[in-house]
Amino acid sequence: MALLEMKNIVKDFAGCRALDDVSLSVEKGETVAIIGPSGSGKSTLLRCINALTRISRGSIALNGEVFVDSENGQVQNRSGQPEAVYPSEKELKRICCETGMVFQHFNLFPHMNCLKNITYAPVKVKGVNPADAEARGLELLKLVGLPDKRNEFPGRLSGGQKQRVAIARALAMEPEIMLFDEPTSALDPEITGEVLNVMKTLSARNTTMVVVTHEMGFAREVADRVVFMNKGKIVEEGTPEEIFEHPKSERLQEFLSSML
Ligand code: ADP
Ligand code: MG
């Protein structure tokens, strides 16, 4: 059974079909890289996984539980688009706790130190006892290579350090699957490596990961599977070797040469 199973996903925004019949499944322990030009629907696909974006059609199952399926009904959303019927906010929160998301722009809480950023949600949302959350938080700071930053505030960290804290914060909820949306694209090139290395470590520890990235080197080296999107569709998917050494579609060949 796949950990994540997305079937025939359509997402319509007013005047734009962002996802056009996309199906994707991710096995436990797998690292999947999603590549493709800007506007191809990569972020939308990722955001549908944790319900930050609601699908128009299709179904999504996490950990064997179908949490949304348009077969069970559709409504019209505020922008007049059809939308699948979702469970209650409370129910969604429970399901989405199984996902951890890392954004391009860190989104750390500026008024909390690093450790507090990491322990806040486990304590507040999951009811973990504060001492346990703290012990786990310190382990996670070590894992991302920032063992001495527990009392530092985000404003005093470099971009790469902020992103590593953001990764630790997402991991603290012990999600089944980690979602990364271009985690290094807001960083200076010389510090992307420190973030990619943390992700590489996670992948090697069999963390289930879906990573939207422009870092072709990372996708090639770390991903088990690479998915190429264009205009709201998955055009091609395969092993890094299949995608990078033997791209079949003209669109992928074009995209890869534009990335050189
Ligand atoms: P990518 O991440 O691959 O650059 P996106 O998923 O952000 O692509 O966007 C896919 C398409 O959906 C684009 O045409 C974009 O303009 C559109 N889109 C994304 N989010 C919204 C939104 N909230 N409202 C309207 N259109 C959107
Ligand atoms: Mg995007």
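Please give the solvent-accessible surface of Glu250 in Å², to the nearest 10, using a probe radius of 1.4 Å with every protein chain present. The accessible area of Glu250 comes to roughly 140 Å². Peptides 2-9, 198-205, ordered by how many other C-beta atoms sit within 10 Å of their residues on average, highest first, read 2-9, 198-205.
Label-to-label distance, Gln104 versus Asn151, with points set 7 angstrom from Cα along the beta-carbon direction: 3.6 nm. Between Arg220 and Lys28, the C-beta separation translates, for a Förster distance of 25 Å, into a calculated FRET efficiency of about 0.65.
Once backbone amide H atoms are built at 1.01 Å from N, Met101 has Leu179 as its partners under 5 Å, excluding neighbours fewer than 5 places away on the same chain. Taking every protein chain into account, the 1.4 Å probe leaves Glu221 with about 120 Å² of accessible area, to the nearest ten.
Determine one quarter of the surface area of the Cα convex hull of the stretch 126-260, which equals its mean projected area, and express it in nm² to one decimal. Can you show the working numbers first?
Working: hull surface 38.6 nm².
Mean projected area of the Cα convex hull: 9.7 nm².
The convex hull of the Cα atoms of the stretch 35-78, projected and averaged over all directions, covers 4.0 nm².
If you take the alpha carbon radius of gyration of the stretch 147-223 and divide it by 2.2 N^0.38 Å, what ratio comes out, to two decimals?
Working: Rg = 12.4 Å, N = 77, 2.2 N^0.38 = 11.5 Å.
For the stretch 147-223, the normalised Cα radius of gyration is 1.08.
What the phi angles of the stretch 31-37 give under the Karplus curve with 6.51, -1.76 and 1.60, with θ = phi - 60°, is a coupling list of 10, 10, 9, 10, 10, x, x Hz, glycine and proline written as x. The length gained by stretching the chain between Leu138 and Glu250 to full extension, at 0.36 nm per residue less their Cα-Cα distance, is 35.5 nm. Near Ser79, within a Cβ-to-Cβ distance under 15 Å, what is the net charge of the other residues, with Lys and Arg +1 and Asp and Glu -1? Net charge around Ser79: +2.
The calculated P(r) of the chain, using every Cα pair and 10 Å bins from 0, goes 7, 30, 34, 23, 6, 0 in percent. Neighbours of Leu157 by Cβ distance under 10 Å: Lys/Arg scored +1, Asp/Glu scored -1, total +3.
In straight-distance terms, cross-link reach from Lys233 covers every one of the lysines whose alpha-carbon lies under 21 Å from its own, apart from those fewer than eight places away in the same chain; here that gives Lys7, Lys11, Lys42, Lys248. With θ taken as phi - 60° and the Karplus curve 6.51 cos²θ - 1.76 cosθ + 1.60 applied, the whole-hertz 3J(HN,Hα) list for the stretch 80-85 is x, 9, x, 9, 5, 7 Hz, x standing for glycine and proline. For the set Ser257, Ser40, solvent exposure ranked by accessible area (probe 1.4 Å, protein chains only) runs largest to smallest as Ser257, Ser40. Membrane-span-like helices in the chain, defined purely by DSSP H runs whose alpha carbon atoms cover 18 Å or more axially and whose average Kyte-Doolittle hydropathy reaches -1.0, are 130-143, 159-172, 189-204.
Quick one: dipole size for the chain, taken about the Cα centre, charges +1 on Lys/Arg Cβ and -1 on Asp/Glu Cβ, in debye to the nearest 20.
Values: 31 positive and 35 negative charges, 189 e Å.
Using Cβ point charges on Lys, Arg, Asp and Glu, the chain gives about 900 debye.
Its residue count N fixes a reference of 2.2 N^0.38 Å for the stretch 18-165, and the Cα radius of gyration divided by that reference is 1.23.
The values are calculated or read from the model by the stated rules, or taken from the named source; none is laboratory data. None of the values given here were measured: they were computed from a predicted structure. Cβ: placed from backbone, ideal geometry, glycine included. Neighbour counts: every protein chain shown. The protein model used for the area step is the full one, side chains on, heavy atoms only, and it has no ligands, DNA or RNA in it. Shrake-Rupley method; radii C 1.70, N 1.55, O 1.52, S 1.80 Å.
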